[in-house]
Amino acid sequence: MDNFDIFPPFQTPNRDIIRVFSAVIENISRDRNATLVTISYNDCVGCPSRTGSVRLVVNQETAIRDERGRNIRAGELERGMIVDASFSSVMTRSIPPQSQAFSIRVIRRANQSQTTTGRIIEVNTRNNYILVLRSQNFSSAVRFNISPGTTILDPFGRRISLSSLSPGFRVRVEHASFMTASIPPQTTAFTVQIIR
């Protein structure tokens, strides 16, 4: 009997499962019959920052558990949560790639957001981040990762694109309270607003 015959339709043998640990939920959106959960994670041992990203298709067959191991609904997942996840190695070629989620386990709840004000010194539209100095000292730099759920606003509160930002702009960034231990530290931006 072929190995594939002994697994239910929503599971696959171990070699076809990708498991990630301590991933961050960057964005959540709803589709017709599924919830789409974008996570970022370290895809190599010893990497100082989260270099992998995937959009998980979460449906009724996805096992979702909280910190205590209790079943929860997809609607209870929140941006900023730290999760362990397993998903199919079969992915779309989109950016980020999309894959069927088999399980999601919440490790830590989303912390309250924080706000940082500073001056942009770099805008990277290819890798979707901005580098902001919180003071005159270069050691105060923070890399704010821009996800599909990040809102970018001009001084009047109108939505603009990442490419509309430029080095020298003063910005107020609402972001996750966790930061990586990398240099510079990194975190996810929820809202970026240009200020005068």
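The values are calculated or read from the model by the stated rules, or taken from the named source; none is laboratory data. Just so it is clear, the structure is predicted and the values come from calculations on it, not from any experiment. When we count neighbours, we look across all protein chains shown, and the Cβ atoms used for this are built from the backbone with ideal geometry, even at glycine. Just so you know, the surface numbers come from the protein's heavy atoms only, side chains and all, with ligands and any DNA or RNA stripped out. Shrake-Rupley method; radii C 1.70, N 1.55, O 1.52, S 1.80 Å.
Computed values, structure above
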item	result
Pairs where the first residue, in segment 56-75, is within 18 Å of PRO96 (Cβ to Cβ) and the second is of a type in the set (Phe, Trp, Tyr), C-beta under 6 Å, 6+ apart	LEU56/PHE87
Residue that is surrounded by the most Cβ atoms within 10 Å (Cβ to Cβ) [pool: residues in segment 77-105 that are of a type outside the set (Lys, Arg) and without any contact (Cβ under 8 Å) to a residue 12 or more places away in the chain]	THR92
Looking only at segment 175-196, and only at residues there that are over 15 Å from ILE120 (Cβ atoms) and open to solvent by 40 Å² or more (accessible area, probe 1.4 Å), the one that is nearest to the chain's Cα centre (by Cα)	MET179
Which numbered condition GLN60 misses (of (1) surrounded by 17 or more Cβ atoms within 10 Å (Cβ to Cβ); (2) part of a loop (DSSP other than H, G, I, E, B))	(1)
Flag for ILE82 being in contact with a helix residue (DSSP H, G or I) (Cβ under 9 Å, 6 or more places away or on another chain) and among the hydrophobic types (A, V, I, L, M, F, W, C)	no
Answer residue from segment 26-56, given it is open to solvent by less than 30 Å² (accessible area, probe 1.4 Å) and at pLDDT 90 or above and is farthest from ASN127 (Cα to Cα) among those	THR35
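For every residue, the table says whether it meets (1) buried (at least 17 other Cβ atoms within 10 Å of the Cβ); (2) touching a strand residue (DSSP E or B) at 6+ places or on another chain (Cβ under 9 Å); (3) farther than 15 Å from GLY168 by Cα; (4) at pLDDT below 90.
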{"residue": "GLY118", "(1), (2), (3), (4)": "yes, yes, no, no"}
{"residue": "ASN127", "(1), (2), (3), (4)": "no, yes, yes, no"}
{"residue": "SER135", "(1), (2), (3), (4)": "no, yes, no, no"}
{"residue": "PHE138", "(1), (2), (3), (4)": "no, yes, no, yes"}
